[in-house]
1. Could you give the dipole magnitude of region 12-125 about its Cα centre, charging the beta-carbon of Lys and Arg +1 and that of Asp and Glu -1, in debye to the nearest 20?
2. Mind listing the phi-derived Karplus ³J(HN,Hα) values for region 250-258, rounded to whole Hz, using 6.51, -1.76 and 1.60 with θ = phi - 60°, and x for any glycine or proline?
3. Please turn the phi angles of region 177-186 into ³J(HN,Hα) values with the Karplus equation 6.51 cos²θ - 1.76 cosθ + 1.60 (θ = phi - 60°), one per residue in order, whole Hz, x for glycine and proline.
4. Mind telling me which of F93, F116, F30 comes out most flexible in a GNM of the chain, alpha-carbon contacts under 10 Å?
5. Could you list the square roots of 5 times each eigenvalue of the Cα gyration tensor of region 56-103, that is, the equivalent ellipsoid semi-axes, sorted largest first and rounded to whole Å?
6. Which one, L6, I84, S182, is farthest towards the positive end of the dipole of the chain when Lys and Arg carry +1 and Asp and Glu -1 on their Cβ?
7. Give me the angle, in degrees from 0 to 90, between the Cα long axis of helix 106-126 and the longest principal axis of the Cα atoms of the chain, rounded to the nearest 10.
8. Give the aspartates and glutamates reachable from K106 as a straight Cα distance under 12 Å; neighbours fewer than 8 places away on the same chain don't count.
Amino acid sequence: MSKNNLLNILGSFSLITFGVLVESFGIKSFLLPNEFIDGGITGISMLIHFTTHIDLGLLIIILNTPFLIFGYFSISRLFMIKSIFAILLLGFFVFFINFPTITHDKLLSAAFGGFFLGAGVGLVVKNGGISDGTELMAVVLGKQLSVTVGNIILFLNILIFISASFFLGIDKALYSILAYFSAYKTMDFVIYGIEEYNNMIIISDKSQEIKDMIIHEFKKGVTVYKTYGGFTGSEQESLSCVVTRLEMIKLKKLIFDMDEGAFIIVHPISQATGGIITKHIKA
């Protein structure tokens, strides 16, 4: 292993450690004092903790263990090592560190508890691990049942929050859902940042002018498709361009300044690498 690879691995473990610390802070300083829960295995652990008073740190480790054992033999070894490290560390931090209670205001606790939870989880995921076994279970079930991982996680979380409404009350369940969405949006921002990529498809009678503007003024690459109008049957050019969220706002304005009748479709992209996506075209 080269020195650079070793430094990168050590750096990722350091960031995972910090991410788990932030996640633990969100759980113990905001969610636990108000009996709010998260989704996934962590949420199940919290729900059991509130109803049985078994220590949360132990529950997190115990409930995640079966998924970690299975994943260790079926998923990337480094990914699983990082995930085992993150989950054990999460249980350790929750068990041993006495984070202070920041507030008992329910709305603030849900919003900021979710924020810190999502920021911590996002750091772990961005550095090649997970701190919850739900994703592993979803991947396995998804292959067997031919459904998406996202749908499995959503279904599981719906069951968790419905259970929370019975055991903790409807108010706490609703605040927990608010905390979950706060965590989800924060995690999404941490992983993708403001450079979340979008694919813009542009259909316009002025496609040649718009293409030249994107390449020469906006300094971005463009893919041109020869298409036919389904209603008119006429041949036309459709332009495809990958831009960040901030670039998309500016580019849409430039396009509509050139053609008010332009038709634009925007598709979020979960990942894009290579090419000239992150670097400008030289004039």
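1. 260 debye
2. The phi angles translate into 5, 5, 4, 5, 5, 5, 5, 5, 8 Hz.
3. Each residue's phi maps through the Karplus curve to give 5, 4, 5, 5, 5, 4, 5, 4, 5, 5 Hz.
4. F93
5. Result for region 56-103: semi-axes of 26, 11, 7 Å.
6. The one lying farthest along the dipole's positive direction is L6.
7. For helix 106-126, the angle is close to 70 degrees.
8. E35, D171
The values are calculated or read from the model by the stated rules, or taken from the named source; none is laboratory data. As the structure is a prediction and not an experimental result, all values here were calculated from the model. As a convention, Cβ positions derive from the backbone with ideal geometry for all residues, glycine included, and neighbour counts pool all protein chains shown. With ligands, DNA and RNA removed, areas are computed over all heavy atoms of the protein, side chains included. Shrake-Rupley method; radii C 1.70, N 1.55, O 1.52, S 1.80 Å.
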